[in-house]
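Here, each number is a calculation from the coordinates, and none is a lab measurement. Since the model is a prediction, treat every value here as computed from it, not as a measurement. Heads up, the Cβs are rebuilt from the backbone with ideal geometry, glycines too, and the neighbour counts pull from every protein chain shown.
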């Protein structure tokens, strides 16, 4: 037997024993919690864009309140937009039994806007402005997306003057993006470079359901910031609480106009 053959016959068993020993000493990694479900595809994104568009269109056709510097605060009057109409679009959400959604129209003198609240159906007082705590989901991915849509868009109607800073537009797909890009903002359009960068973005909302929490990722556009990614962490159990919001600017832009 040659020296090299003899060396291999001795070293191979030793090396094999070492590998087995090393493997036995290597700690087993802790299993990580896998999400129960995650959604993001083109057809879902298109359906969610339709939801956002329908939400924006709901207040049209209703009587608008008188707006001006000296107009006092007012509860919702007959003929004004009924926010319970939201649930005709947000069909995976509902109010806690025995409660309804309502609002007071507040005029600060430098702006006016609605403030939503929840109240018992048979009560005109004792209402709670933390209205989202009374909104139920059906525990589907779509319901949690709709919950975030309501939290962002719920008070985006009858806005006057400084209240118009509340302009977050949720974008879910290319159709929604092109609507934003084709709009004019105080006679300005978005710069070509901003439009180019925006078209590279992934706008599809993402919903991840875990045992105790749900995360919802959306992209919004605001005239005072540009395109921003927002990731919400929500408690899964009722009443649901938005525990955290992470924001990341994707394409920065500002109209540089203040009211």
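The figures follow:
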| item | result |
| --- | --- |
| Residue-span extension gain [residue 54 to residue 247] - 0.36 nm each, minus C-alpha spacing | 67.0 nm |
| Between 0 and 90°, nearest 10: helix 3-25 axis offset from the chain longest Cα axis | 30 |
| Residues 92, 162, sorted so that the one with the fewest Cβ neighbours within 10 Å comes first | 162, 92 |
| Rg/Rh (Cα only; Kirkwood hydrodynamic radius) as it applies to the range 37-254 | 0.97 |
| The chain, relative contact order [Cα under 8 Å, separation at least 6], % | 17 |
| Alpha carbon centroid spacing (whole Å) that separates the range 207-236 from the range 65-136 | 24 |
| The chain: calculated mean residue ellipticity at 222 nm from DSSP helix runs of at least 4, using -39500 (n - 2.57) | -8500 deg cm²/dmol |
